[in-house]
Amino acid sequence: MPVHDASSHRFVADRSVSIARGIPLSEETGIGPLTLGGFLRDVTSRHGGREALVHRLDDGSRERWSYCDLWDRSCEVARSLIASGLGKGERVGVLMTNRAEFLSAVFGTALAGGVATPLSTFSTPAELEYLIAHSAVSCLLFERGVLKKDFLEILGDLDPQIGTGVPGGYGSSRFPFLRELVVLGGERRGAVRSWREFLQLGQAIGEDRLEARSRSVVPADPGALFFSSGSTARPKGILSAHQGVSLQMWRMGRQQGLGDGVRSWTANGFFWSGNFSMIIGGTLSMGGSLILQRTFHPVEALDLFQSERVTFPFAWPHQWEQLTAAPNWQSVDLSSATFVDMACPLASHPTVTTSWIEPRHCYGNTETFTLSAAFKAMTTADTAGESHGIPLPGNLIKIVDPLMGHAVALGQNGEIAVKGPTLMLGYLGTPLFETLDEEGYFRTGDGGRLDEEGRLHWQGRLNDIIKTGGANVSPLEIDEAIRALPGIKMSQTVGVPHETLGEIVVACVVFHAGAEAGEDVLREKLRTVLASYKVPRRIIGLDEAQMGLTGSAKIKTSELRALAANWLANEPG
């Protein structure tokens, strides 16, 4: 029988094995309709006249949409998609930066019964070709120019028929499901319609037909297709139901402790699930306003913070560094910034006064549409310890033996497995049963453990086994030993190619301030707890930015491995 632990508002299934359970989903408060269209309809009914977004245009002017504007523009897109022949469940690619039309395209797709498919604007031509083909989008809504990229030219190079066809008449073996292309910020060319022409298509679609479409969508229907930013050679297409996406969007504002009318800024792409749920969901669910910046420019960002009275700026470590180094850093007024973690570089600005603690103790995957375990904002280290949170409502987390698959004893290390209401419908091209165990859990490939408080401790990837001199070495075991040493803040061990050994073990570490120790000293200490072949041949001291954290606060070992190899290759002597 599960035991209710009232002090932390969760269930621990059995104190003898590593299984933890969140409160029942039925007990979670603050959740609205569980479709993307229903989400937008609900927040519009609550906050219709409020400002939903501010979009800085290329000429420096700013476009402002209310919630009612966002609803109307989304309905425009939906009617045009219906007019172009979009069927229920068909996928619509959205290749755009963070701008107003990104939101109307995603919500419009949902209202029309389609599956929104955000695509990364960082994609190379080869990557974009793969994403379009693998996602099987039938319609592609894309922004023409992003920094130095011209996606209209890129698409024409990928398939000349795009440049020579007629709008609405595209059909090619290169992209066999694609039939409609629409460019934002450009004119008609070949098979590509302009954004203005596309919106004109929908004028013939009546309100009753659109309403019938949107009302036919149910929470269990596919709602969004996001691509992982993991370390695999090809990004995985991860299909999520409306329920999973919407549930996380309703949660995020409360999870982050954001206030009514929060004004959020980020330049990080909404084509990543974490930014989508945290910023779009967290802001709109609280009746707030999105301050949109298409691409990151630190001076411009600081000007937006001041003029738009941003209360919740969200950036990655390398962006914080650029903001504090910007020429207008000292002169800008950032006194509106309320939701700034006390440890964030922005908190050092003389105009910022903050006591907010970000919800840094959390764990998630794109496969669970971001968080599956977390502590809310304002949770202190006394409560969270060094953990990554407790299961969110409706979720079950167990730690299993990576080889045998059975739950390990409480406190033991193993592989994190998750199931719950936000779990994906599946990977594109892979039957769901191949990705779930016999009890319906998703095996994440991440190592971790549960403690006696039911808190999850994420420890890194399990499947990055290092093969050195004929032996298999688990980086998880090595990193656990390194992190136990005094002065170590972060550690990630990787295998670097070697002519005779196949790979050598290299540990990349971040030291706490003032605690940096010599490489030989650390290796000597590790010899007391690790077999000789497991002791890293080299230990490299890095800073947090160099560790290459992803948007989900995980380290991308493929990039770190390349960094370590390059560092060793260029080491003097």
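The values are calculated or read from the model by the stated rules, or taken from the named source; none is laboratory data. On a predicted model such as this, the values are computed, not experimentally measured, just so you know. Here the Cβ is made from the backbone with ideal geometry for all residues, glycine too, and neighbour counts use every protein chain on show.
Things worth noting here:
- Flag if TRP320 is assigned to a helix (DSSP H, G or I), surrounded by fewer than 21 Cβ atoms within 10 Å (Cβ to Cβ) and among the aromatic types (Phe, Trp, Tyr): yes
- Within the stretch 341-362, the set of residues being among the hydrophobic types (A, V, I, L, M, F, W, C) and not in a loop (DSSP other than H, G, I, E, B) comprises LEU346, ALA347, CYS362.
- Among the residues making up the stretch 413-454, those that are more than 23 Å from the chain's Cα centre (by Cα), over 18 Å from ARG21 (Cβ atoms) and surrounded by fewer than 16 Cβ atoms within 10 Å (Cβ to Cβ) are PRO431, PHE433, GLU434, GLU438.
- Subset tally (residues that are touching a helix residue (DSSP H, G or I) at 6+ places or on another chain (Cβ under 9 Å), assigned to a helix (DSSP H, G or I) and surrounded by fewer than 21 Cβ atoms within 10 Å (Cβ to Cβ)) for the stretch 127-152: 1
- Yes/no for LEU302 being touching a strand residue (DSSP E or B) at 6+ places or on another chain (Cβ under 9 Å), crowded, with 20+ Cβ neighbours inside 10 Å, aliphatic (A, V, I, L, M) and part of a helix (DSSP H, G or I): no
- Every pair of residues 6+ apart whose Cβ atoms lie under 7 Å, when the first sits in the stretch 476-492 and is assigned by TED's automatic domain parsing to the domain that holds ASP543 while the second is among the β-branched types (Val, Ile, Thr) and in a helix (DSSP H, G or I): ILE488/ILE482; SER491/ILE482; GLN492/THR557
- Whichever residue in the stretch 366-384 is of a type in the set (S, T, N, Q) and surrounded by fewer than 24 Cβ atoms within 10 Å (Cβ to Cβ) and, among such residues, is nearest to THR444 (Cα to Cα): THR366
- Residue check, SER387 modelled with pLDDT under 95, in the same structural domain as VAL17 (by TED's automatic domain parsing) and either surrounded by 22 or more Cβ atoms within 10 Å (Cβ to Cβ) or among the aliphatic types (A, V, I, L, M) (or both): yes
- Some residue of the stretch 492-505 being among the polar types (S, T, N, Q) and in contact with a Leu (Cβ under 9 Å, 6 or more places away or on another chain): yes
- Against the numbered list (1) in the same structural domain as GLU76 (by TED's automatic domain parsing); (2) buried (at least 24 other Cβ atoms within 10 Å of the Cβ), MET249 comes up short only at (1).
- Candidate set: the stretch 413-453, residues that are small (Gly, Ala, Ser) and in contact with a helix residue (DSSP H, G or I) (Cβ under 6 Å, 6 or more places away or on another chain); chosen: the one nearest to VAL400 (Cα to Cα): GLY447
- Positions within the stretch 497-545 being without any contact (Cβ under 8 Å) to a residue 12 or more places away in the chain and basic (Lys, Arg), in sequence order: ARG527
- Some residue of the stretch 225-236 being β-branched (Val, Ile, Thr), farther than 23 Å from GLY48 by Cα and either outside the structural domain of GLY168 (by TED's automatic domain parsing) or modelled with pLDDT under 95 (or both): yes
- So ALA409, is it among the hydrophobic types (A, V, I, L, M, F, W, C) and buried (at least 19 other Cβ atoms within 10 Å of the Cβ): no
- Whichever residue in the stretch 505-527 is buried (at least 20 other Cβ atoms within 10 Å of the Cβ) and among the β-branched types (Val, Ile, Thr) and, among such residues, is farthest from the chain's Cα centre (by Cα): VAL505
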